[in-house]
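Let me begin by presenting the structure, written as structure tokens, before commenting on it.
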């Protein structure tokens, strides 16, 4: 069982970027350009490593190797993007890895690329890259190559050595549990559960009981053995259940208009642990969006647009408008879910103007995260 934090440290210590790993300050999967560059690197790393895993580390300053972190990214459907654009697509896993030196809401992203032993190529055009293009790693650079490329296995022994150095042990596990409970979440109720005598899951959050059920907010859930965060949210609420074999997370989102909010189930995540030291993670979208009167939504949509226009022009908001601004991301989200399709680009365009308001910007990121989940589950 590999400790992903140790794996990242070993990768960063292995000199600079290479033909089996790349590092990024961040990735942008919200634009065609960002998707294209990500696909290029995945394609190149897969082709350059036919017999071993390759990696992309996200949240690291390129020039200094400083670990700065990125936001928690819970989109397990990233494989859908890979399958849509790549022929002979590799298996992709994105994991959020906790580091003690980072703020509570930051992680390091680790993309693991498992090749298919076949040439991976672009299935269709995207941004400035043509369908059919093949990429390979030339040192630390992903370069286009001809169709008659010869794939050589030059990294298997190096990657095997790095992965072996990152194997977990009882010391790392104990330190991880103690750090999670006593240091990182000493102000919250923390719990742990051992599965199959191998896996340790810790979770923490504020609890609330309603109709015999317990719900958590400010939730952090981590698979300690691998230092991988399974779930993190400062806003949404979740319920947690477990058996001897499974750990089940059901996520809810609070949505509504005119101060009449309600919790709606968003997604269920089941982590199933096996006797052979493996585990499987399955997700199921549960979301059924609330429906509202079109006339009411049209008024709210126009009011949102007027607020954004004022922010664009630098016009001060009055007290009522400041209150409305706090709900702007959620209102755009509700409008989009009720077939106001132009609400999504309006929400994305408002990002720059919402950043100066930390709480509202957190709400913006949550709304975008819900949109992303719905998109990749469609």
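The numbers here are math on the coordinates, done by the rules we state, and not lab data. Keep in mind it's a predicted model, so treat the numbers as computed, not measured. FYI the Cβ positions are ideal-geometry reconstructions off the backbone, even for glycines, and counts take in every protein chain you see.
In deg cm²/dmol and to the nearest 500, what is the mean residue ellipticity at 222 nm of the chain if only DSSP H runs of at least 4 residues count, each as -39500 (n - 2.57), divided by the residue total? Let's see the in-between values first.
Values: 11 runs with 123 residues, N = 378.
It comes out at -10000 deg cm²/dmol, rounded to the nearest 500.
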* Structure fact -> Per the C-alpha gyration tensor (a ≥ b ≥ c, the square roots of its eigenvalues), region 4-165 is rounded if a/c is under 1.5, else prolate if a/b beats b/c, else oblate; here it's oblate
* So how far, in whole Å, is the C-alpha centre of region 273-351 from the one of region 72-120? -> 26
* Quick one: angle between helix 358-377 and the longest Cα principal axis of the chain, in degrees between 0 and 90, rounded to 10, please. => 60
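For residue 281 and residue 101 in one chain, what is 0.36 nm times their gap in residues minus the Cα-Cα distance, to one decimal in nm?
On the way: separation 180, 0.36 × 180 = 64.80 nm, distance 2.75 nm.
The span from residue 281 to residue 101 would gain 62.1 nm if fully extended.
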* Asked: In degrees from 0 to 90, rounded to the nearest 10, what is the angle of the helix 4-13 Cα long axis to the longest principal axis of the chain?
  -> 60
* **Label zone at residue 376, where the point sits 7 Å out along the Cα-to-Cβ direction: region 102-121 residues whose backbone N lies under 19 Å** => 106-115
* Counting DSSP beta bridges with both ends in the chain, the antiparallel % (nearest 5) -> 95
* Cα-only radius of gyration and Dmax that characterise the chain, units Å -> 22.2, 66
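Calculated FRET efficiency, residue 206 and residue 130, Cβ-Cβ r, R0 41 Å, to nearest 0.05? Display every interim value, and only then the final one.
Numbers: r = 51 Å, r/R0 = 1.25.
The calculated FRET efficiency here is 0.20.
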* To do: Please work out whether region 294-377 counts as rounded, prolate or oblate from its C-alpha gyration tensor, where a ≥ b ≥ c are the square roots of the eigenvalues and a/c under 1.5 means rounded, while otherwise a/b larger than b/c means prolate and anything else oblate?
  => oblate
* Asked: In nm, to one decimal, how far is the modelled label at residue 143 from the one at residue 319, with both set 7 Å along Cα→Cβ?
  -> 6.5
* Once the Cα atoms of helix 328-337 and of the chain are each reduced to a long axis, what angle between those two axes, in degrees from 0 to 90 to the nearest 10, is obtained? -> 80
